[in-house]
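Derivation of every value follows stated rules applied to the coordinates shown; laboratory data play no part. Here the structure is a predicted model, which means the values were calculated and not measured. Backbone-built Cβ (ideal geometry, glycine too); neighbour counts: all protein chains shown.
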2 protein chains.
Amino acid sequence: MGLVLHNFFRSSTSTRLRAALNLKGLEYDYVSYALRNGETRTPSYLAMNPAGLVPALEREDGSVLTQSLAIIEWLDEVHPAPPLLPADAEGRARVRALAYMIGCEVHPLNNLRVLGYLGQQFGADDAALAGWFTHWVQVTFEPLETLLAASPETGACCHGDLPGLADLCLYAQVWNNRRFDIDMAAYPTIARIFAHLDALPAFQKAAPPNQPDAA
Amino acid sequence: MGLVLHNFFRSSTSTRLRAALNLKGLEYDYVSYALRNGETRTPSYLAMNPAGLVPALEREDGSVLTQSLAIIEWLDEVHPAPPLLPADAEGRARVRALAYMIGCEVHPLNNLRVLGYLGQQFGADDAALAGWFTHWVQVTFEPLETLLAASPETGACCHGDLPGLADLCLYAQVWNNRRFDIDMAAYPTIARIFAHLDALPAFQKAAPPNQPDAA
């Protein structure tokens, strides 16, 4: 395939995509960008991805895909086994909704550039940033826990016993939460699913501390 | 179908979904929730959607779908004509990436509950809130404009001449921007696409000012 993954070890969206590539059994070259040093804001990176974000997936022909959730859907269409979405429309709607609860309600509020803006423009100190981060996790993790705990469709993973799109997002977000010591006691189902995923090789290999730039 | 749309006229995610339902030619009962009055935080609403968010789409059998982007994908699978995503995987990856630039990078930062938190916890006044809103629009609309203007795949709409998933997000976000008087002069391609969409009956019918609760 000749895939090149432009990413960063601690980036939650990068973690999602790494786990997806691993689940699909796809090899990739790993290129790291230290976000804090502005390494995704260089002219050469912006020429590849004008948004200046990771991850970006470069294919053998030089073409580039962006936005982790879009890349994961593409991967699932082009490399259908093992599937990351259920076969039925109802199941896909459930899995996508769970994934987007994290992808559209938690992660966008808690990434590095947002925390940076709060510090610079609102003078938020570490305690205020921790409060912000924790608040947005809580606001979504509470209903996420409720939905997962209540549904007979929840298995070892978010939907049955095989990992998929929602699990990719959950796994990456729980890693992200650890940076702010989020107490997982209130979210036993999420914690159980995370522990299950964290024992799978595809997820282990995608975990932030196991990346080459995690020094 | 007996669809019930639980939503709010000014909610950007609601606007997206209304336009999608209209494009598919689906009728729905309109139920409005005044977000500022906490009408999505009542026990009965939370029983239906524990996240306490709009939109939610209730089906005839009482089952409920949540998360606008998940609902739109479901609509496109169950009611495939007219399609909201291209037929090819490359095209779908492009359209989803454009949609998620708005759905995952702009809208989550600029919705009502986030602005409320900034006011309450950081003492942000109207000027600071306008600065925040404008900043996150700009950070994504600049690369979005670049990507749309540079691609031969951009047509009257984001991808060719027929409206799809990315257009639904773009349309709703530009409506949202108007609340903060975002100057669209820097985004001529986005503005052109918005104007095209705004002349289509399915979008006109979905526009915030044309809803029953827009009084």
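Please report the relative contact order for the range B:131-213, taking Cα pairs under 8 Å with a sequence separation of at least 6, and give it as a percent rounded to a whole number. Present the calculation step by step, with values, prior to reporting the outcome.
Working: 54 pairs, mean separation 25.5, N = 83.
For the range B:131-213, the relative contact order is 31 percent.
Would you pull out the residues with amide H under 5 Å of B:GLU39's amide H, same chain only if 5 or more places away, H placed 1.01 Å from N?
Long-range HN contacts for B:GLU39: B:ALA34.
Give me the Å³ per residue figure for the convex hull around the C-alpha atoms of the range B:11-112.
102 Å³
How much length is gained on full extension from B:GLU142 to B:VAL78, taking 0.36 nm per residue of separation minus their Cα-Cα distance?
Numbers: separation 64, 0.36 × 64 = 23.04 nm, distance 3.43 nm.
Length difference between fully extended and current span is 19.6 nm.
Mean residue ellipticity at 222 nm from the helices of chain A, using -39,500 (n - 2.57) per DSSP H segment of n ≥ 4 over the full residue count, to the nearest 500 deg cm²/dmol?
Working: 10 runs with 115 residues, N = 215.
That comes out to -16500 deg cm²/dmol.
How high is the relative contact order of the range B:3-82, in percent, with contacts defined as C-alpha pairs under 8 Å that are six or more residues apart? Spell out each step's value before the answer.
Values: 101 pairs, mean separation 29.7, N = 80.
Value for the range B:3-82: 37 percent.
Can you give the FRET efficiency to the nearest 0.05 for B:THR42 and A:LEU112, using r as the Cβ-Cβ distance and R₀ = 25 Å?
Given R0 = 25 Å and the Cβ-Cβ separation, E is 0.10.
Rounded to whole Hz and in sequence order, give me ³J(HN,Hα) for the range A:78-88 from the Karplus expression 6.51 cos²θ - 1.76 cosθ + 1.60, θ = phi - 60°, writing x for Gly and Pro.
Ordered by residue, 3J(HN,Hα) equals 8, 10, x, 10, x, x, 9, 10, x, 6, 9 Hz.
Show which lysines lie in cross-link reach of A:LYS24 when reach means a straight Cα distance below 18 angstrom and same-chain residues fewer than eight apart are skipped.
A:LYS205
Along each of the three principal axes of the Cα atoms of the protein assembly as shown, give the extent in whole Å, ordering the values from largest to smallest.
57, 47, 47
What residue among B:ALA195, B:ALA47, B:ALA156 has the largest mean-square fluctuation in a Gaussian network model of chain B, using Cα springs under 10 Å?
B:ALA47
For the range B:197-211, just list the computed ³J(HN,Hα) in residue order, Karplus coefficients 6.51, -1.76 and 1.60, θ = phi - 60°, integers in Hz, with x standing in for Gly and Pro.
4, 5, 8, 8, x, 5, 7, 3, 5, 8, 4, x, x, 9, 9
Want the number for A:ALA156 to A:ASP213: 0.36 nm per residue separation, take away the alpha-carbon distance, what's left?
Fully extending the segment from A:ALA156 to A:ASP213 adds 17.5 nm.
Under a plain spin-label model, where a point goes 7 Å from the Cα along Cα-to-Cβ, how far apart in nm are B:ASP125 and B:ALA34?
If labels sit at B:ASP125 and B:ALA34, their model points lie 2.8 nm apart.
Name the residue from A:GLY119, B:LEU5, B:MET184 whose Cα lies farthest towards the positive end of the charge dipole of the protein assembly as shown, charges +1 on Cβ of Lys and Arg and -1 on Cβ of Asp and Glu.
Among A:GLY119, B:LEU5, B:MET184, the one farthest towards the positive end of the dipole of the protein assembly as shown is A:GLY119.
Measuring from a point 7 Å out along Cα→Cβ, what nm distances, shortest first, does A:THR146 have to its partners in the other copies?
4.1
Tell me which residues come under 5 Å, amide H to amide H, from B:THR154 once H is placed; ignore anything under 5 positions away on its chain.
B:GLY160
Looking at chain B as a GNM with Cα springs under 10 Å, which of B:SER14, B:SER151, B:SER68 has the largest mean-square fluctuation?
B:SER151
Can you give the convex hull volume per residue for the Cα atoms of chain B, as a whole number of Å³?
Working: hull volume 26.0 nm³, N = 215.
Each residue corresponds to 121 Å³ of Cα convex hull volume.
On the principal axes of its Cα set, how long, how wide and how thick is the range B:89-203? Give whole Å, largest value first.
45, 28, 25 Å, listed from the longest principal axis down.
What's the local net charge at B:ASP213, with K and R +1, D and E -1, over the other residues with C-beta under 14 Å away? Working shown, then result.
Numbers: positive: B:ARG10, B:ARG18, B:ARG36; negative: B:ASP29, B:GLU39.
Charge balance in the 14 Å sphere: +1.
Give the percent of DSSP beta bridges with both residues in chain A that are antiparallel, rounded to the nearest 5.
For chain A, the DSSP antiparallel bridge percentage is about 50.
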